[in-house]
Structure formats: C-alpha cells, structure tokens
Amino acid sequence: MRPWEANIRRVAPYVPGEQPKGEKLVKLNTNENPYPPAPGVQQALDQMDCDLFRKYPDPAATVLIKALSKAYQVDEDRIFVGVGSDDVIAVAFMTFFNSSKPLLFPDVSYSFYKVWADLFRIPYETPALDEEFRIRKEDYYRENGGIIFPNPNAPTGLLMSLSQVEDIIAHNQESVVIVDEAYIDFGGESAISLTEKYENLLVVQTFSKSRSMAGMRIGCAFGHPDLISRLNDVKYSFNSYTMNIPSLILGAKALEDGRYFKETLEKIINTREYAKKRLGELGFSFPDSMANFIFASHKDRKAEEIYKALRENNIFVRYFKLPRIDNHLRISIGTDEEMEKLYGFLKEYL
Ligand code: PMP
C-alpha cells in the first residue's frame, strides 16, 4: 500500500440499477414511472429562460417548499428538500444517527441504508424480516440509536398499516425514526399526519416514482420544525445549493396537477394488480406488493437464470445477489404494453 492510501476512506458503494441505452428495450429494473411527468412540467420547461442559470439557486428552495406546503397542507418550516430522497436520507443519517447505540433497519430493505451507515461509521443492526418478508415491529422495541425502514418496504413491496408504523414510533420516542415513503403513493397511507404527534418522526418522500421525475432528482422530508432545522444546519455545512433551478421550478410545477397524479397512479396500480394475476399464472409467487414493483420468485426456475434470459432479450428487471433474496426478481411496473412483452417472453421461456 502506498503511504497516502492509509488515510483513505474506504467504502463498498451502493450499486444503482443499470441504465441501459436503446430504443427497443423494456426497462423494468429501477422502479421508474413509465408515464411522463405532468403536462405542466413540459410547458414550464419549454418556457424556461436560461438566463436564470447565471445566478445561484435559492438555497432555501422556497418555491418548492411553498408548493409542497400547499399540496400536502404542511407548514413550510416542517419541510426539507434535497437531491432525490437519497440525498435527503443521507443528510438525515449524518444529522440524526450519531449515537454509539445501533441504528436499526430490516435485513431485507433498501440496500443503501447499510452503505450510508458504513460511510458515516454508524453502528447498526438489521432485525430479520419474518418468513413471509414482513417487518416484525416487536424487533424495534429495544434500545437503539435510531430507526429507518421503508413503507412499503423495498424490495418486497409489503406495506405496514399506519397503526403498525405508529406502534414502532410510539415505542421509540427517544430516538429519531425515519419512515422512507418512496413508494407510499402506490397504495399506502402516509405517516405525514403522525409528524404532528411525534416530534421524533421524519417522513421522507420522493418525486422519482409516483411523480415520474427520477431524472430531476427531487426528494423531500416532513417533520417537526426542530428536526427540519437540524437537517438544514447539516445541509448548509455541506453544500448550501443542493437543488438546481430547473428542479425547483419543475418540482413545484409537478405538484400543481393533482388530477394527472391520481390518474397516473391509478393506471400503475391497475397494471400491478393485473400483473399479480399474470405472474401467478406463470408460476411466480410474491408478497402482495403495494408499490410499483413486484418481488417474484419462480417455482421451478432460478431467478438469476430468468434475469439473464430476460436481459438477453432486452427486458431489464432487477436481480440482487444477496442473502435471502437471491432467488427473487424485482420487476418494476411498466406500461401495459411493456408488461405484455414481459409475459409473452416468460410464457415462451418457461
Ligand atoms: N428509498 C427507497 C426505498 C428506494 O427504493 C429509493 C430508490 N432507489 C430511494 C429511497 C431513493 O430514490 P430517489 O433518490 O430517486 O428519491
């Protein structure tokens, strides 16, 4: 090892899903929304004046915070925004998980949690999901330095009821609890309402899935003003101008069209429910997903084999070679047309 290497921070990075290029491929591997953002977003983009870019963006992200405040009926001082929910969660890890007691998150969950915990040197423990991949809330009734879990969980898609979520928070009022609601709009009830009751609760959401704006990188968090103010202290100590001007303007625009949002969600939910039927007929089993993906394993064929065969045929799904889940495929919900291509190929292949 060269001497300067001894001081380097070494981490095993998070591996994002592939972004393959090409016209004809069916991309069901990163839980993107198959429909475009609300029409008003395109209009606002077309009208955008590049002269705006000469100046730094508003570090307080006021237009976006105001739009979120209006859309979610939450006071502005209870909202934080960042460059995708990955950025919001990373800042939250840095801000709130600063204890020698372990951070708790499920063993099968968003694989980035472990990476941030390692990066920020946060001790952690990962209570195991039960046999059916459900979170056992009792596992979180013990001393900890913080808690984070997605609801619905990823990659399982399983939703916890709001009362179960509340049980976990109620038992843990001495540490910060983060509920990662990246997929909540696809069928769950948000815990945002609980942030009025529990000042240690932070609810994180994203524009990447239900609002079709993964490429703009917009995430947000809701919580007590003291939590939000601590997040801002860390943000301003790291990078004041996280959100660029187009993201601020277009994110705010996306929130104006509630009708389009609902219609798009409805289409994805219908496609998901139909996918459960079709995949079931093809010999797959899966937890009952309330997200925009299905976490499926086949009764006879190995997930890795199916993944490779799909890939060779330009159909991309996500495969995780990880303990407990290496015989599952995470299949994002695409358009009906894309899903038909998937069923068609699987029918022949299987
Ligand atoms: N949380 C969960 C559970 C996710 O699956 C994702 C998507 N990879 C994220 C957070 C981050 O999404 P984004 O940064 O695009 O908001």
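Of note:
- Residue-averaged 222 nm ellipticity for the chain, from DSSP H runs of 4+ at -39500 (n - 2.57), nearest 500: -10500 deg cm²/dmol
- Here the gap between residue 241 and residue 99, fully extended at 0.36 nm per residue and compared with their Cα-Cα distance, gives a gain of 48.3 nm.
- Among 217-223, 57-63, 326-332, sorting by the average number of other beta carbon atoms lying within 10 angstrom of each residue, highest first, gives 217-223, 326-332, 57-63.
- Peptides 137-147, 179-189, 156-166, 246-256 ranked from most to least packed give 179-189, 246-256, 156-166, 137-147, packing being the mean of other C-beta atoms within 10 angstrom over each peptide's residues.
- If a spin label sat at a point 7 angstrom from the Cα of residue 343 along the line to its beta carbon, the backbone N atoms of the range 280-298 nearer than 11 Å would be those of 280-282.
- Set of lysines near residue 321 by C-alpha distance (under 17 Å), chain-local residues within fewer than 8 positions excluded: 114, 302, 308
- Per residue, the solvent-accessible area of the range 110-181 (1.4 Å probe, heavy atoms of protein chains only, all protein chains present) comes to 42 Å².
- Spatially proximal lysines relative to residue 66 (Cα-Cα < 30 Å; intrachain offsets below 8 disregarded): 55, 197, 209, 235, 253, 262, 267
- Distance from the alpha carbon centroid of the range 37-89 to that of the range 184-235 works out to 14 angstrom.
- Here r is the Cβ-Cβ distance between residue 196 and residue 322 and R0 is 30 Å; the resulting FRET efficiency, rounded to 0.05, is 0.20.
- For the range 1-60: accessible area per residue (Å², 1.4 Å): 77 Å²
- Extension gain, residue 273-residue 163: 0.36 nm per intervening residue step, less the Cα-Cα distance, totals 37.2 nm.
- Length-normalised contact order for the chain - Cα pairs under 8 Å, 6+ apart - percent: 24 percent
- Under a model in which nothing but the beta-carbon of Lys, Arg (+1) and Asp, Glu (-1) is charged, the chain shows a dipole of about 880 debye around its Cα centre.
- FRET efficiency, residue 8 to residue 52 (Cβ-Cβ, R0 45 Å, nearest 0.05): 0.70
- Summarising the strand pairing of the chain, around 55 percent of its internal DSSP beta bridges are antiparallel.
- Cα-projected label distance for residue 301 with residue 76, points at 7 Å along beta-carbon direction, nm: 5.5 nm
- Global size of the range 8-98 as Cα Rg and Dmax, reported in angstrom: 17.8, 47
- Ellipsoid equivalent to the chain - semi-axes via the Cα gyration tensor, in Å: 31, 26, 21
- Element breakdown for the chain at a 1.4 angstrom probe: carbon and sulfur atoms account for 49% of the accessible area.
- Here residue 70 is the anchor, and the aspartates and glutamates within straight C-alpha reach of less than 14 Å, apart from those fewer than 8 places off in the same chain, are 256, 257.
- Using R0 = 35 Å, the C-beta based FRET efficiency linking residue 128 and residue 62 works out to 0.20.
The values are calculated or read from the model by the stated rules, or taken from the named source; none is laboratory data. Just so it is clear, the structure is predicted and the values come from calculations on it, not from any experiment. Please note: Cβ atoms are built from the backbone with ideal geometry, for glycine as well, and neighbour counts cover all protein chains shown. Note: accessible area is taken over every heavy atom of the protein model, side chains too, but ligands, DNA and RNA are not part of it. Shrake-Rupley method; radii C 1.70, N 1.55, O 1.52, S 1.80 Å.
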